[in-house]
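The values are calculated or read from the model by the stated rules, or taken from the named source; none is laboratory data. Note that the structure is a prediction, hence the values are computed from the model and not measured. Positions of Cβ are generated from backbone atoms using ideal geometry, with glycine treated the same way; all protein chains shown enter the neighbour counts. Note: areas computed on protein heavy atoms with side chains; ligands, DNA, RNA excluded. Shrake-Rupley method; radii C 1.70, N 1.55, O 1.52, S 1.80 Å.
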Amino acid sequence: METGRKRDGAALIALDWGTSSLRGFLMDGAGTVLEQRANAHGIQNLPQPGLPGFEQAFADLCGDWLAGTPGVPVVAGGMVGSAQGWAEAPYVACPADTGTLAGHAIAVDSAAGVRILIAPGVTYAPPDAPPDILRGEEIQIAGVLADRPDWAREACMVLPGTHSKWVQIQDGRMTRFATYMTGELFAVLTKHSILGRLMPADVVADAEASDAAFADGVRAAQASGPGDLSHQIFAARTLGITRRMAPDLLKDFLSGLLIGHEMVSGLTRMGAALGSGRPLLLIGDGMLCRRYVQGLALLGIEPTARLENTAPKGLFQFAIAAGLIAPPAGKDTHV
């Protein structure tokens, strides 16, 4: 937990509450983070089961903030609003913007006497394809668009992770998106399949060799035909057995293969949205985004920008849209 002493001017407590972690931000009326804290009390790792666990996690993280800033509103986004969360905030349909999220938010009254406004997730359900969902990423997207009306007009956003998202933005709204289980598939294959038996857990590969193995995986994905993925995945085993690739590089090859297939599909799906120089934005962890930058370069694409933690700004925009705080003077709040 990271704490500080400066609380003068606090106007909002914002919670980014995911599956594995809980992050809190004490913010002033301009959206500046005065203090931030984090712990491992995500919705699947609460200090005790059920609703008491949510109450305790909230009190543990924010108790002194609540005592020191009475009356300050509290907002939350992420898996805390899922069916397994504190209270379910049902999905809203595309097209959706921050105002849509605020209009469909739900409120939870905590044991501390504080009301928490929870943002809903978003669904994309075209009539001719299976539905897709996201929860948490909508807040990150709101943070990205807060100060960039040019990106809000039209852009494509890629949010790498356990479940990577490719999202089209038009006129400040999420209009469609696609999810790829790239990170989860990588974890399952390396930890719970025969592939992982050849991959040493405690060996760090040479950086140059690691990048080369990753590139081999991306190029294999680029050259693949329909239905090739499961066949190509097995190469992460045969390359090791035949000694054509060192064991410590097999994870990098597999990572490149899976990310490469995601990018080939995502770029195809978002092709029209990326035409005529429209922005392609990467949002997420620095190391993971670095891999996506490498992979996109191999496919001849250069991202417009790479951004990391945009959730605090997104939660701030959500609070403004919900009428909990006033927008900073001179700020456009159209998103």
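Of note:
- Lysine pairs in the chain with Cα atoms under 25 Å, if 8 or more residues apart or on separate chains: 7
- Ser276 paired with Ser224, simple spin-label distance in nm, labels 7 Å along Cα-to-beta-carbon: 3.3 nm
- Between Ala187 and Arg243, the contour length at 0.36 nm per residue exceeds the Cα-Cα span by 17.9 nm.
- Surface exposure of the stretch 5-133, expressed per residue as accessible area with a 1.4 Å probe, stands at 44 Å².
- Think of the chain as a dipole: +1 on every Lys or Arg Cβ, -1 on every Asp or Glu Cβ, centred on the Cα centre; then among Gln84, Pro131, Pro200, Pro200 lies furthest on the positive end.
- Taking Cα centre as origin and charging only the Cβ of basic (Lys, Arg, +1) and acidic (Asp, Glu, -1) residues, the dipole magnitude of the chain rounds to 340 debye.
- Modelled spin labels at Ser20 and Ala111, positioned 7 Å past Cα toward Cβ, are 2.8 nm from each other.
- The stretch 184-271: trypsin sites (Lys or Arg not before Pro) falling in loop per DSSP and having at most 14 other Cβ within 10 Å: Arg243, Arg244
- Degrees, to the nearest 10: 250-269 long Cα axis against longest axis of the chain: 70 degrees
- Here the stretch 211-306 exposes an accessible surface that is 53 percent carbon and sulfur, computed with a 1.4 Å probe and the other protein chains kept in place.
- Note, ³J(HN,Hα) from phi for the stretch 220-226, Karplus 6.51, -1.76, 1.60, rounded to Hz, x at Gly and Pro: 4, 5, 4, 8, 6, x, x
- Rounded to 5, percent antiparallel among DSSP beta bridges of the stretch 1-103: 70 percent
- Binned Cα-Cα distances of the stretch 44-166, short to long, each 5 Å bin given as a whole percent: 2, 9, 18, 19, 18, 15, 10, 6, 2, 0, 0
- With all projection directions averaged, the alpha carbon convex hull of the stretch 108-205 covers 11.6 nm².
- For the chain, adding -39500 (n - 2.57) for each run of n ≥ 4 DSSP H residues and dividing by the number of residues yields -11000 deg cm²/dmol at 222 nm.
- Exposure rank, largest accessible area first [Tyr124, Tyr91, Tyr292; 1.4 Å]: Tyr91, Tyr124, Tyr292
- Compared with the dominant principal axis of the Cα atoms in the chain, helix 50-68 is inclined by about 60°.
- The chain: C-alpha pair distances exceeding 27 Å, %: 49 percent
- The alpha carbon convex hull volume per residue for the stretch 21-95 rounds to 119 Å³.
- Mean Cβ count within 10 Å, highest first, over the residues of peptides 77-87, 107-117, 43-53: 77-87, 107-117, 43-53
- Convex hull volume of the Cα atoms of the stretch 165-318, normalised per residue: 135 Å³.
- Remark: the Ala83-Gln294 segment gains 72.3 nm on full extension, using 0.36 nm per residue and subtracting the alpha carbon distance.
- Based on alpha-carbon atoms, the Kirkwood radius and the radius of gyration of the stretch 218-270 give Rg/Rh equal to 1.02.
- Loop-located GluC sites (Glu not before Pro) in the stretch 38-141 (DSSP state other than H, G, I, E, B) with a sparse environment of at most 16 neighbouring Cβ atoms within 10 Å: Glu88.
- Comparing mean-square fluctuations of Ala14, Ala319, Ala305 from a GNM of the chain with C-alpha springs under 10 Å, the top value falls on Ala305.
- Taking the Cα atoms of the stretch 111-160, the ratio Rg/Rh between the radius of gyration and the Kirkwood radius comes to 1.10.
- Secondary structure note: in the chain, about 70% of the DSSP beta bridges are antiparallel.
- With every protein chain in place, the stretch 1-132: carbon and sulfur % of accessible area (1.4 Å): 51 percent
- Residue-normalised accessible area of the stretch 141-196, expressed per residue, 1.4 Å probe, Å²: 39 Å²
- Protection proxy ranking, peptides 59-70, 95-106, average beta carbon neighbours within 10 Å, highest first: 95-106, 59-70
- The stretch 218-335, accessible area per residue, ligands and nucleic acids excluded (1.4 Å, Å²): 48 Å²
- Using the Karplus relation 6.51 cos²θ - 1.76 cosθ + 1.60 with θ = phi - 60°, the per-residue 3J(HN,Hα) values for the stretch 98-110 come to 5, x, 4, 4, 5, x, 10, 5, 10, 10, 10, 9, 7 Hz, with x marking Gly and Pro.
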